[in-house]
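See structure below.
The values are calculated or read from the model by the stated rules, or taken from the named source; none is laboratory data. A quick note: this is a predicted structure, and the numbers were derived from the prediction, not measured. A quick note on method: Cβ atoms are made from the backbone with ideal geometry, for glycine too, and the neighbour counts reach across all protein chains shown.
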Amino acid sequence: MSQPPILVDTNIVSYIYEASELGLRYDLLLERYSRFGSPVTLAELHYGAYWRNWGANRWRRLNEVLGQLQWLPLTVEVARLASHLAAKRRHGGSPVKWADTYVAATALINGLPLMTHDRDFADFEGLEVVTELPDFRISEEIADFYCRPIAPSRPLSTASWSN
């Protein structure tokens, strides 16, 4: 039986890289999934490594962790949806970082749940979230994911926001 796919957010990759207690918990949880990443995650992590002037050993470790992901494309459809999500959140009084809108859009376009430890993803309509965060607002379907794997949902239609 194949493993269900999941998009892994930047903070989860960071926790796994650090081998923190939280990272170990997420790494264990990820064993039941096929792991996917957004190019935005790669860009965020590489930016941090360049900015901090990492040495060869840290880069090697980061690339080992990133090598566990299959990379999804950053498409025009993802960019359009990310812009729509960002504007909708800003109009609603809860602006969000651009990187988060691109990650959310990547998950929605590809019909994947998102594993994250970031509460900012709670307010993206239709986004299925897998998290260790307590009191995270998620659907009942996701709440029992510990008991059964989550099947990916149907990819989001782009017809309503493409103009």
Problem set entry | Residue list for the range 78-87, filter: surrounded by fewer than 19 Cβ atoms within 10 Å (Cβ to Cβ) and in contact (Cβ under 8 Å) with a residue 24 or more places away in the chain | A79, R80, H84
For this session: Take E21 and decide whether it is under 18 Å from the mean Cα position of the chain (by Cα) and charged (D, E, K, R).
Result: no
Seminar exercise, completed: Of the residues in the range 74-109, those that are modelled with pLDDT under 95, of a type outside the set (A, V, I, L, M) and not in a helix (DSSP H, G or I) number 5
Exercise. Any chance the range 54-71 includes a residue that's acidic (D, E) and surrounded by 14 or more Cβ atoms within 10 Å (Cβ to Cβ)?
Worked result: no
Seminar exercise, completed: Subset of the range 49-107, residues over 30 Å from A19 (Cα atoms) and of a type in the set (S, T, N, Q), comes to T75, S83, S94
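Across the range 122-136, which residue is modelled with the highest pLDDT among those that are within 18 Å of P95 (Cα to Cα) and out of contact with any Phe, Trp or Tyr (no Cβ under 9 Å at 6 or more places or on another chain)? Spell out how you get there, then give the answer.
Going through the range 122-136, the residues within 18 Å of P95 (Cα to Cα) turn out to be 122-127.
Then keep just the ones that are out of contact with any Phe, Trp or Tyr (no Cβ under 9 Å at 6 or more places or on another chain); that gives 123-126.
Working: D123: 81, F124: 88, E125: 87, G126: 91.
For the range 122-136, the residue satisfying everything is G126.
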Seminar exercise, completed: Taking first residues from the range 101-114 that are within 14 Å of H84 (Cα to Cα) and second residues anywhere that are among the charged types (D, E, K, R), the pairs with Cβ under 7 Å that are 6 or more apart or on different chains are V103/D9; I109/E77
Problem set entry | Every residue from the range 110-123 that is part of a helix (DSSP H, G or I) and either of a type in the set (A, V, I, L, M) or exposed (fewer than 15 other Cβ atoms within 10 Å of the Cβ) (or both) | R119, A122
Exercise. Going by the conditions given, is S153 of a type in the set (S, T, N, Q), at pLDDT below 90, over 18 Å from V8 (Cα atoms) and in a loop (DSSP other than H, G, I, E, B)?
Worked result: no
